[in-house]
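Working notes, beginning with the structure itself.
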């Protein structure tokens, strides 16, 4: 790999690690924020909700803009807005301003995360695209088990406001770094409507990610509660379980990139979905098993699940070369929609059938995702054959 490639990947990785930290660190900080602003825990939870909703609705707009304008400009703008929004979160004079700051944060991350995926897809060598994407995805996932704990350490010694101040400073520095790193990437210069005739196809493709997210997050959102209720895990054991999951997610993403480049995006995404179905069934069977068996299963679940997510992102990057920005943005929106639906389904399942039913419901979602993925492959082949004939 050339020096410029290493620099691009490093900048992409660090940027997505920061975005992931901002996403994952807020939830554990909510009790401290709630105490300062004298609001209930459920009210404080709106910080997470408004962030997610803003991200989901604004990401496709930034993706579309990035396909007709310069991605570098939008990423730089996003990082500057990220710095401002996090500084406002740290020093909001009221809870209303705190909510406004998280709306701005959601807007900023929506203009960064999918565009980093897209610009890496633009710059990666065709035979290394899967590996490059897997590396930057691992930055986002590393925040799950490393970024959030680092934030909690800062909170312990300096208070919760320091977490957002530090992220704001790093965001401002990264704005300059990203502006310099991507200066050699030309504008697309396209003026035609990139969505013309493609919107339904794009939505169909990213629906696979929505169902995949349901298969992962219907259980993950309630994992801590499930382990405490059914397996009597202590808080430290729950933290260890999440760590096993986080490490599995990172390794799955990194491994997937190399396998994708070797065997192809389509094959790896299909194989990982089949394995995901089997792992989820095993999670259900061994739901109340001993600690180490369950830790191992959580590790394998994340390993296989996120390997599938990374390979499918690489597949989308190949299938939509000219619409890469908006497709990556829609795929991230699909991810957030899936997480939201998954949490709602999980709540319903717990109320009616209990925690032990969650893995089986997730396995059904994984089966649906596999069927949709296979159908999209067949449609793509038909389109390719039609284009060749004409």
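The values are calculated or read from the model by the stated rules, or taken from the named source; none is laboratory data. Model, not experiment: these values are computed from the prediction. We place every Cβ from the backbone using ideal geometry, glycine too, and count neighbours over all the protein chains shown.
The test for being assigned by TED's automatic domain parsing to the domain that holds residue 33 and not in a helix (DSSP H, G or I) does not hold for residue 108. Can you confirm whether the range 147-160 contains a residue that is surrounded by fewer than 21 Cβ atoms within 10 Å (Cβ to Cβ), farther than 18 Å from residue 67 by Cα and modelled with pLDDT under 80? Scanning the range 147-160, I find at least one residue that is surrounded by fewer than 21 Cβ atoms within 10 Å (Cβ to Cβ), farther than 18 Å from residue 67 by Cα and modelled with pLDDT under 80, so the answer is yes. If you check 40, 10, 27 for being in the same structural domain as residue 118 (by TED's automatic domain parsing), loosely packed, with under 15 Cβ neighbours inside 10 Å, at negative phi and under 22 Å from the mean Cα position of the chain (by Cα), only one passes: 27. Looking at this structure, is residue 16 in a helix (DSSP H, G or I) and in contact (Cβ under 8 Å) with a residue 40 or more places away in the chain? Yes, satisfied.
Among the candidates 100, 137, single out the residue that is outside the structural domain of residue 49 (by TED's automatic domain parsing) and assigned to a helix (DSSP H, G or I). On inspection, the qualifying residue turns out to be 137.
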